[in-house]
Amino acid sequence: MRREHFTLDVSNVDWIDTDGEPRKPSVSIDFTGPESMLRERLTGSDGEVLEAAETDVALRLQEPLDEDASGVVSVTDRITGEFILELNEDAENVLQFIRAARSYGEAASEDDGRYVVTITLDGEEFVTYDKRTFLVYDDEGDLLRQHSLIPSGVEL
């Protein structure tokens, strides 16, 4: 699968810069490549589609963090560590999304997710995950805790 086969669209994040009413941020990732490949990666060894708790979402910076930094957003299988998908994205856009999710989480219940990820195949919804964690790594692979979305009580 190629990164060009993925399109990322974000919603419910503009309120963070205008001090508006908090709304749960969401991201939609649309895949336009060979469906069977992504379906296979999103399916566990039991033949069932992976659940939210079986996946991790992260941003890996490709250069030191500044206003023009870019990175790779990835969704991985938490059990095997294998990449399910990767796509290039501007780091500042992702960090704005994480700030919105963190702020939304301050008002949400403890059990509620901080953001939603929907993966679509050629425009048709395939899976939706309610997530609480979004990890950010620098260009050398070190976790940037201050930029990551990590629920309280979680040790990494």
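Points worth noting:
- Index of the failed condition, residue 40 passing every other in (1) part of a loop (DSSP other than H, G, I, E, B); (2) farther than 19 Å from residue 134 by Cβ: (1)
- Within segment 1-20, no residue that is on the phi < 0 side of the Ramachandran plot and without any contact (Cβ under 8 Å) to a residue 24 or more places away in the chain sits with its Cβ atom under 7 Å from a residue that is exposed (fewer than 15 other Cβ atoms within 10 Å of the Cβ) and in a helix (DSSP H, G or I) at 6+ positions apart or across chains.
- Residues considered: 66, 139. Of these, the only one that is in contact with a strand residue (DSSP E or B) (Cβ under 6 Å, 6 or more places away or on another chain) and part of a loop (DSSP other than H, G, I, E, B) is 139.
- Residue tally, condition within 17 Å of the chain's Cα centre (by Cα) and among the acidic types (Asp, Glu), over segment 60-80: 1
- A single entry from 39, 2 fulfils the requirement of being touching a Gly at 6+ places or on another chain (Cβ under 7 Å) and surrounded by fewer than 16 Cβ atoms within 10 Å (Cβ to Cβ): 2.
- Criterion applied to 47, 33 was being more than 15 Å from the chain's Cα centre (by Cα) and in contact (Cβ under 8 Å) with a residue 12 or more places away in the chain, and the one residue passing it is 33.
- Taking strands (runs of 3 or more DSSP E) as the structural unit, those lying wholly within segment 73-131 and holding at least 1 residues that are hydroxyl-bearing (Ser, Thr, Tyr), under 25 Å from residue 146 (Cβ atoms) and in contact with a strand residue (DSSP E or B) (Cβ under 9 Å, 6 or more places away or on another chain) correspond to 115-121, 124-131.
- Only residues that are of a type in the set (A, V, I, L, M, F, W, C), free of Cβ contacts under 8 Å to residues at least 60 places away in the same chain and surrounded by 13 or more Cβ atoms within 10 Å (Cβ to Cβ) were counted across segment 73-109, and they come to 7.
- Where a residue in segment 50-63 is free of Cβ contacts under 8 Å to residues at least 60 places away in the same chain and its partner, wherever it lies, is surrounded by fewer than 20 Cβ atoms within 10 Å (Cβ to Cβ) and of a type in the set (D, E, K, R), with Cβ under 8 Å and at least six apart: 53/78; 54/77; 54/78
- No other residue among 56, 46 is of a type outside the set (A, V, I, L, M, F, W, C) and surrounded by 12 or more Cβ atoms within 10 Å (Cβ to Cβ) apart from 56.
None of the figures in this text is laboratory data; all of them are computed from the coordinates on show. Note that the structure is predicted; figures quoted are calculated from it, not measured. Glycine gets a Cβ as well: all are built from the backbone with ideal geometry, and neighbour counts include every protein chain shown.
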